Amino acid sequence: MDLGDVRRVPSRRACRGGFGPWAVRPASCADAWRSARAQALWRGGILLGFVLAAASPVAAQEASAPPVKRGLGLGPSLVTAAKTTPSVEQKRPEKDGRKTDAQRQAAEPKTANVAQIVLHGMYTEAPQPLGLFTGIRDSLSEVVGRFDRAAKDERVRAVVVLFKTPILGWGQMYELQSAIERVRASGKPVYAWVESATGLDYVLASQCDRVWMPEGGMLLLTGLRVEVTFYKRLLEKIGAKADMLRMGKYKSAAEPFTREDMSPEFREQMEALLDDRWQEMLRLIASGRKLSEARVREIIDAGPYSARRAADVGLLDAVAYADEIADRVASLQKVDRVRLLRGYGRKELDTDFSGPFGPLKLFSMLLGVRPTARPATKPRIAVIYAEGPIMPGRSSADLLLGSTIGSDTMVKAIRTARDDKSVKAIVLRVNSPGGSALASDLIWRALEDCGKPVVVSMSDVAGSGGYYIAMGADAIFAAPGTITGSIGVVSGKLAFGGTLEKLGITTAVLSRGKNAGLLSIVTPLNDSERRALQRLNEDMYRVFVRKAAEGRGMPVERMEQLAQGRIYSGLRAKELGLVDRIGSLEDAVRHAKQLAGLPEDAEVERLTLPQPVSPLDVLFGTPEDRTGARVSGVDPFFDLAVRAFAHAVPTHRGLLATARALIELSREPVLCVMPCAITIR
């Protein structure tokens, strides 16, 4: 038989159903594999088998092993190899250094993701618009949200908090403390790195698992102090006179202008407030650093401290620089390396204005244009923020001096929540020293008339008018260090007639009516005007006490005893029944869900109200301001001077904002306002 006349085809055994070896068959043999397409498919399958076998781990092991005896046919050899237990020679490469998947995974470096959150500067309560100027400024609610996100994020193993001189009030500190506790409750540690610290920010840092500070840092932990400035002699020197009336023996709002020192009542309530905060400070540091309160008191009395001395007495865990944080966290987490997620959860401002739509994007940012609101897919809880002095008209915002609470804006926000069927309850977040009695009453009425559960969450301060708008709620939550109460009213004016005369300015007066000069800034009150103004005070005070008693469900006589214009800490107000619970904003939201009849684990959306003003309105005022619809009582030159001083001395912005608000409120005959801007450091 001529070899050129033969063809490789499957053997008779293969034709009978087996996978026998290749055989030499005459070309004239008729079988199932004679067609050219069948032969091509067969050859392609054999070639693919060789490729896959060569690429498989078994083939690699066989290639490195000594030769073994194989059958002459391809099919039976493959079947035997598949069914036979690997020989010793086949296992040898694994012992020679080839690793299994588990071994390879164990050999890889262990990495932990750690969220990094920076606390710096002042924080507003409400979320700010993501505009060209305000988008880079975090609000307290956004920072708290980043902690809560880290607590739920499965990728995050721990949280590092960098303290870079944050300016916090006691209510805001409690919100952040509660957020840190929620992260720790999720099983994730929280580490604090503090550049330098005063009392309040160290109290917050002490609630973390570890506290570190660079060697050049200082811990200014020296205790608490209250300083009240009095201006009576200054007013006398310039020829001015403060003519003030009050209702409530503890109502001390006018004392800085009418006295040279504290009255006994003013001193009594300030001593009590200072004691409450002092005890809270000792308790928190002692529990956070695992020391006795007596030992903490001794440490504070020996302050301030350098970083080394603070570590020696147990206030710090170690002296460390920022570049050492990752290594220290890796050691504590028992991993090879740490990936710090800088800016975790923070919104980024898109400042790319290139392309044809760039100018449109810039213009939208300046106007504060927001995306179209999507329909609610879940039940909503409306969170309404009331921050700043309470004024008639619309709310305003100021980059330097903060915001004001306008009664028109607040009433509109409350009605928006009332009319939204997806909103099941309202949470009112209050951070206000009060202000206009009329504006406070209008906001209170809107909440009473909303027809939905209302829960109040108090921040740093919710006193006088700030308590007025809260007292009708179904439940009131306060922080331990919140300043609240001050149920009382004050009225009066500053008369600058003598000042004008010293400057050579004289005033001619024509009037009709005994009380025509009631609001004049030139002359003091006469006897008739004083009696008329006192009647207004008494009427407003009775309304305040009656509504507070109804809201708190207690007799008017009992509320009269608690009122008298006296201020209380959140802890003391809880004991006296002026607030219901000590808790954070998150606690208030959970309680609102409960009052709305929603399951505890129900997911809800938050509707934030009122909507933030645009960056242009922050800079130049609202359209109403620009058209004179809301007339300010502040002289433009004085306003410019206050802004300049606030920019130069940012630590006194709160005091300056209060002074500016009081001057603007001078057009109001009766005020529900706190005695002064109280800052305890």
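The values are calculated or read from the model by the stated rules, or taken from the named source; none is laboratory data. This one's a predicted model, so the numbers in the text were calculated from it and none came from an experiment. Quick reminder, even Gly has a Cβ in these numbers, built from the backbone with ideal geometry, and neighbours come from all protein chains shown.
Details
- Options Asp201, Asp209: the member that is buried (at least 19 other Cβ atoms within 10 Å of the Cβ), touching a strand residue (DSSP E or B) at 6+ places or on another chain (Cβ under 8 Å) and either without any contact (Cβ under 8 Å) to a residue 12 or more places away in the chain or within 30 Å of Ser584 (Cα to Cα) (or both): Asp201
- Residues of the range 160-172 classified as surrounded by 22 or more Cβ atoms within 10 Å (Cβ to Cβ) and touching a residue at least 60 places away in the same chain (Cβ under 8 Å), total: 5
- The set of residues in the range 173-196 that are of a type in the set (Asp, Glu), more than 21 Å from Lys347 (Cβ to Cβ) and assigned to a helix (DSSP H, G or I) contains only Glu181.
- Whichever residue in the range 521-548 is part of a loop (DSSP other than H, G, I, E, B) and modelled with pLDDT of 90 or more and, among such residues, is farthest from Lys237 (Cα to Cα): Asn526
- Each residue in the range 140-172 was checked for being assigned to a loop (DSSP other than H, G, I, E, B) and over 26 Å from Thr482 (Cα atoms), and 3 pass.
- Asp243 vs. criteria modelled with pLDDT of 90 or more, of a type in the set (Asp, Glu) and under 26 Å from Met540 (Cβ atoms): yes
- Residues that are outside the structural domain of Lys164 (by TED's automatic domain parsing) number at least 3 in the following helices (runs of 4 or more DSSP H) confined to the range 243-343: 255-258, 264-289, 293-301.
- Going through (1) touching a residue at least 60 places away in the same chain (Cβ under 8 Å); (2) in contact with a Pro (Cβ under 8 Å, 6 or more places away or on another chain) one by one, Tyr231 falls short only on (1).
- Any chance Asp460 is surrounded by fewer than 18 Cβ atoms within 10 Å (Cβ to Cβ) and under 26 Å from the mean Cα position of the chain (by Cα): no
- Scan of the range 499-529 for residues that are out of contact with any Asp or Glu (no Cβ under 8 Å at 6 or more places or on another chain), of a type outside the set (A, V, I, L, M, F, W, C) and surrounded by fewer than 17 Cβ atoms within 10 Å (Cβ to Cβ), ordered by number: Glu501, Lys502, Gly504, Thr506, Thr507, Ser511, Arg512, Gly513, Asn526, Asp527, Ser528
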